[in-house]
Amino acid sequence: MKIYEYLAAGKPVVSRDLPKVRHMVVGETDAHDLLALYSRPEEFVVQLRAAFASNNPDRVQRRQNFARRRQWCDRVDVLAREIAGVLGAGPLRHELDERLFQRLENPVP
């Protein structure tokens, strides 16, 4: 999703209030104000103005930190662990464990 790229750049983000977008900040106590969401077209300009009016160096840093904690390699690792839990013991699990270990030993920059 492009939203992560915008957040990684520290940019204000205004998005339609979609389930996938809302899910990004559910359970994140420090992220509720990082995305400006709108439901109706007339709310878009209001949210856009508010997002830029509240933009400051602290918020830029918080956006970047939020995105940094959600890099693709981290998301893949979470998914791989979930798959490993489903696989249980066996040769496929062993191979997956080996690949995860290699990623931990040689992380992607």
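The values are calculated or read from the model by the stated rules, or taken from the named source; none is laboratory data. These numbers come from a predicted model, not from an experiment. In this analysis, Cβ positions are derived from the backbone assuming ideal geometry, glycine residues included, and neighbour counts consider all displayed protein chains.
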Would you mind stating whether Arg16 is at pLDDT 75 or above, of a type outside the set (Val, Ile, Thr) and within 18 Å of Lys2 (Cα to Cα)?
-> yes
Quick count over the range 2-25, residues being out of contact with any helix residue (DSSP H, G or I) (no Cβ under 9 Å at 6 or more places or on another chain) and either closer than 20 Å to Trp72 by Cβ or surrounded by 15 or more Cβ atoms within 10 Å (Cβ to Cβ) (or both), is 3
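Table: residues versus (1) assigned by TED's automatic domain parsing to the domain that holds Lys20; (2) modelled with pLDDT under 70; (3) small (Gly, Ala, Ser); (4) more than 14 Å from the chain's Cα centre (by Cα).
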| position | (1), (2), (3), (4) |
| --- | --- |
| Val46 | yes, no, no, yes |
| Ala53 | yes, no, yes, yes |
| Asp58 | yes, no, no, yes |
| Ala84 | no, no, yes, yes |
The residue that is surrounded by the most Cβ atoms within 10 Å (Cβ to Cβ), considering only those in the range 32-49 that are hydrophobic (A, V, I, L, M, F, W, C) and farther than 13 Å from Ser15 by Cβ, is Val46
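To keep it simple, each residue is scored yes or no on (1) touching a residue at least 24 places away in the same chain (Cβ under 8 Å); (2) β-branched (Val, Ile, Thr); (3) over 27 Å from Arg99 (Cα atoms); (4) assigned to a strand (DSSP E or B).
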{"residue": "Ile3", "(1), (2), (3), (4)": "yes, yes, yes, no"}
{"residue": "Leu7", "(1), (2), (3), (4)": "yes, no, yes, no"}
{"residue": "Ala51", "(1), (2), (3), (4)": "yes, no, yes, no"}
{"residue": "Arg63", "(1), (2), (3), (4)": "yes, no, yes, no"}
{"residue": "Ala67", "(1), (2), (3), (4)": "yes, no, no, no"}
